[in-house]
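Have a look at the structure below, then the notes.
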Amino acid sequence: MIELKNREQIQLMRRAGAVVGETLEMLRGMVRAGVTTGELDQAAEDYITKCGAKPAFKGYDGFPATLCTSINEEVVHGLPGARKLREGDIISIDCGAYLNGYCGDAAVTLPVGDIEPERQQLIEVCSQALALAIAQAETTKRLFDISSAIQVYVEKNGMSVVREYVGHGIGRQMHEDPKVPNFGRPGRGPRLTRGMVLAIEPMVNLGGYQVEKLSDHWTVVTVDRRPSAHFEHTVAITDNGPEILTKV
Ligand code: MG
Ligand code: MG
């Protein structure tokens, strides 16, 4: 895990995060019925490259694309390709980029046209869980205060949090220590200190929390095939509270 030591380092993390935030904002404008996930992926790669940055996922463990695009019951790590978005789908888009040796990582879940109310609620609960988690990213707190904020809020809303995939420290590498689970007991775990940077990423299922991997070796889906949402930000812990680095 990185410990940001000076203004220059935090500026570099901000710039890497901004590329990711801007990419997701650009993609938000493209999401509609008929667009393929491959088209979203190409647009993301073009934008990141134009910024002088490098897609963080491409080549990671052999991952073939710039984005993870996960539709409906797909939780994370969906592969972009020829699949067309359809009215009523929800799509999670996860994006990472390196700029000048520093990494940003963020995800959003977006509706495709009109969606069922329960899917809308799923998106709202997951997004709000991330906001509540980020509010815990303070120097007075411990790591699992973040985890607990997510779990308590999600379960209060009758949904479940994925156990097998978690958030992470981030800095010069995309995945650094510590792991940031989306479940846990408050008041536990390491103390949060100034300069820590975490990728906080609740994955919320409308049904049960169990997930499994498809035979493509990447796509993670819910076992009950009910929909799932995913939001993520890269967040720095500062003396002035949490700073979201991947905001537009
Ligand atoms: Mg991510
Ligand atoms: Mg991540």
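The values are calculated or read from the model by the stated rules, or taken from the named source; none is laboratory data. Computed from a prediction, not measured in an experiment: that's the story for all the values here. Cβ coordinates were reconstructed from backbone atoms using ideal geometry, including for glycine residues, and neighbour counts include every protein chain displayed. These accessible areas exclude ligands, DNA and RNA; they are computed on the full protein's heavy atoms, side chains included. Shrake-Rupley method; radii C 1.70, N 1.55, O 1.52, S 1.80 Å.
A compact table of results
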| item | result |
| --- | --- |
| Per-residue ³J(HN,Hα) for segment 6-20, Karplus 6.51 cos²θ - 1.76 cosθ + 1.60, θ = phi - 60°, Hz, x for Gly and Pro | 8, 4, 5, 4, 5, 4, 5, 5, 4, 5, 4, x, 5, 4, 5 |
| Mean residue ellipticity (222 nm) of the chain, computed from DSSP H runs ≥ 4 via -39,500 (n - 2.57), nearest 500 | -9500 deg cm²/dmol |
| For the chain: Kirkwood Rh in Å [reciprocal of mean 1/r, alpha carbons] | 17.7 Å |
| Sites Thr139 and Gln173, calculated FRET efficiency, Cβ-Cβ separation with R0 22 Å, nearest 0.05 | 0.40 |
| Per residue solvent-accessible surface (Å²) - the chain, probe of 1.4 Å | 43 Å² |
| Pairwise FRET efficiency - Lys213 versus Arg191, Cβ, R0 = 51 Å, nearest 0.05 | 0.90 |
| FRET E, pair Glu39, Glu8, Förster distance 25 Å, beta-carbon r, rounded to 0.05 | 0.10 |
| Distant-in-sequence amide H partners of Gln210 (H built 1.01 Å from N, under 5 Å) | Val223 |
| Solvent-accessible area of Met174 with every protein chain in place, 1.4 Å probe, in Å² to the nearest 10 | 10 Å² |
| Net length gained if the chain between Val248 and Ser127 were fully extended (0.36 nm per residue, minus Cα distance) | 42.0 nm |
| Listed residues Asn205, Asn182, Asn157, most fluctuating in the chain (Gaussian network, C-alpha, under 10 Å) | Asn157 |
| Between segment 70-149 and segment 165-207, the alpha-carbon center distance in angstrom | 14 Å |
| Sulfur and carbon atoms: percent of accessible area, the chain [1.4 Å] | 47 percent |
